[in-house]
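Quick note: the coordinates plus some simple rules give every number you see, no bench work behind them. All values reported here derive from a predicted model rather than from experimental measurement. Here the Cβ positions follow ideal geometry from the backbone for every residue, glycine too, while neighbour counts run over all protein chains shown.
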Amino acid sequence: MPELPEVETVRRGLAPVMEGRLIREAIARRPDLRWPLPERFAERLTGRRIISLGRRAKYLLADLDAGPTGEAEVLVMHLGMSGSFRIEEAHAPAVVPGDFHLPRSKAEAHDHVVFRLEGGHEVVYNDPRRFGAMLLTARTALESHPLFAALGPEPLGNAFDAEGLARALAGRRTPIKAALLDQKVVAGLGNIYVCEALHRAGIAPDRLAASLVTATGKPTAATRRLVETIRLVLEEAIAAGGSTLRDHAQVDGTLGYFQHTFRAYDREHAPCLTPGCRGTIARLVQSGRSTFYCASCQR
């Protein structure tokens, strides 16, 4: 499933085409994705203008102008396991995806939602497994929506800091990796980038989360290091266009390249790249997911 950097990469690719544009026609070619599409989905989108395209955790958020009811709404979109967007332009060849570790679908049979925009562009949502989702909610109700009400802070936002992370970890007897994957602790992190951040911060993935908090509830040096490292890893991944694993590529079809700088993820038996470390990357399974780490330098 795409993680925060991949979703942010998609957002940045779609924004120049979608922001400020009128949806001349919305087409839903089936009644559902992971969940049923909202009632009168295509009708409610047709004729609306996209004010801005944002992101919250792993969700894309298209702010729409006020519709017939006079209430501004937000189109919430999630890529799921295999969802992707492509941009097509009238009288020009379609921009097709590039190569993948496991190829992303190019079959029109999986083109489930189409946005025909003013200016001649079409944004097509393709999703073979249909684990993605689209829904509409009032802008004023977004933060209280069940999908967002319990989300933790954005890891690249000002609200994510060592003090806040310490409060979230205090008393938790779960491994730190599991804690970081909890979207209530921090929003948008997934398996790849948690493995990378823990390795770079020198923190063992099975270390108890509560051990990163002092007896008085303050962040330890390791906690401060972890916050800084999470930010750095995510910023590097976004700059690289995300990581091309399985179904992810950018909206213009080109691949992300952060996987070429992995220091831990998917490098089992390879030498540890931490300067001065002579260890090798090992793999363990935590909550059904593979964790890659170095026992020599992660404590």
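Overview of results
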quantity	calculated
Among His112, His199, His269, residue whose mean-square fluctuation peaks in a GNM of the chain (springs only between Cα atoms under 10 Å)	His269
Separation of the Phe131 and Ala239 label points, Cα + 7 Å toward Cβ, nm	3.1 nm
Cys with no candidate disulfide partner in the chain (beta-carbon separation under 4.7 Å rule)	Cys195
Cβ-based charge dipole, the chain, positive-most Cα from Leu53, Leu234, Val114	Leu234
P(r) tail fraction, the chain - alpha-carbon pairs more than 37 Å apart, %	20 percent
Estimated FRET transfer efficiency when R0 is 35 angstrom, pair Arg24-Arg167 (beta carbons, to 0.05)	0.15
Net charge dipole size for the chain [Lys, Arg +1 and Asp, Glu -1 on Cβ; Debye, nearest 20]	1120 debye
Whole-number D in µm²/s for the stretch 4-141 (Stokes-Einstein; Kirkwood sum over Cα pairs; 37 °C, 0.692 mPa s)	217 µm²/s
Theoretical ellipticity at 222 nm over the chain - DSSP helices of four or more residues, -39500 (n - 2.57) apiece, nearest 500	-6500 deg cm²/dmol
FRET efficiency estimate (nearest 0.05) - Cβ-Cβ, Ala270 to Arg34, R0 45 angstrom	0.80
Non-local Lys pairs in the chain, i.e. 8 or more apart or on different chains, that have alpha carbons under 28 Å apart	5
Relative packing of 156-162, 229-235, which averages over residues the other C-beta atoms within 10 Å, highest first	229-235, 156-162
Within a Gaussian network of the chain (alpha carbon springs, distance under 10 Å), most fluctuating of Leu147, Leu198, Leu165	Leu147
